[in-house]
Amino acid sequence: ASQASNIGGVVGKIDSNVNNENVSAIVHTAYNTGNVEGYLNIGGIVGQVYNGRIEHSHNLGNIQTTRPDGHSKAQGPINMGGIVGDTTEMGTAKAYINDVYNKGKIGNEGYTHHGRHVGGIVGRLSGYISNAFNNGDIFMGNSVVGGIVGYWYTGNIENVFNTGNVT
């Protein structure tokens, strides 16, 4: 199985090294319709965001990890999301995600690949989400899974909703 990390439908990794709201790395008005597969940090738009913005963007493709099933509740995070896989859990790193949505399926109905930190919008969040929704179904056989965010480290979440099934 592929062991590629930081896999995104539009951008693999954003790291602008800016610690304020005047972030210079911006993905604006982007979309993905293809399926996205990777081992770690997998997102429909961006695989990993250290400091950056994603605005007015959406994902329609399915998101899947290639990491084999370890049958363990302690299996490490895969950080997989409909828009962004990982924004790290560093206190100084910030991702700003606004006006986005995901309609792609995350995981698979057979639960053949497990992992933690899986969300309809972001797998692991250190940052801000506003005006976002997910209606893609999420199939994960482990823990720390959410309709919008799997694991929330710091920041704000506002004006969001989920209509997808979380199984």
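The values are calculated or read from the model by the stated rules, or taken from the named source; none is laboratory data. Here the structure is a predicted model, which means the values were calculated and not measured. For neighbour counting, all protein chains shown are included, and Cβ atoms are generated from backbone atoms with ideal geometry for every residue, glycine included. Heavy atoms of the whole protein, side chains included, go into the accessibility calculation; ligands, DNA and RNA do not. Shrake-Rupley method; radii C 1.70, N 1.55, O 1.52, S 1.80 Å.
Just a few scattered comments:
- For region 4-27, a residue qualifies if it is among the polar types (S, T, N, Q) and at pLDDT 95 or above, and exactly one does: N6.
- For region 108-131, the candidate set comprises residues that are more than 12 Å from the chain's Cα centre (by Cα) and closer than 17 Å to G61 by Cα; within that set, the residue that is least open to solvent (accessible area, probe 1.4 Å) is N108.
- Restricting region 132-154 to residues that are touching a Ser or Thr at 6+ places or on another chain (Cβ under 6 Å) and modelled with pLDDT under 95, the residue that is most open to solvent (accessible area, probe 1.4 Å): Y153
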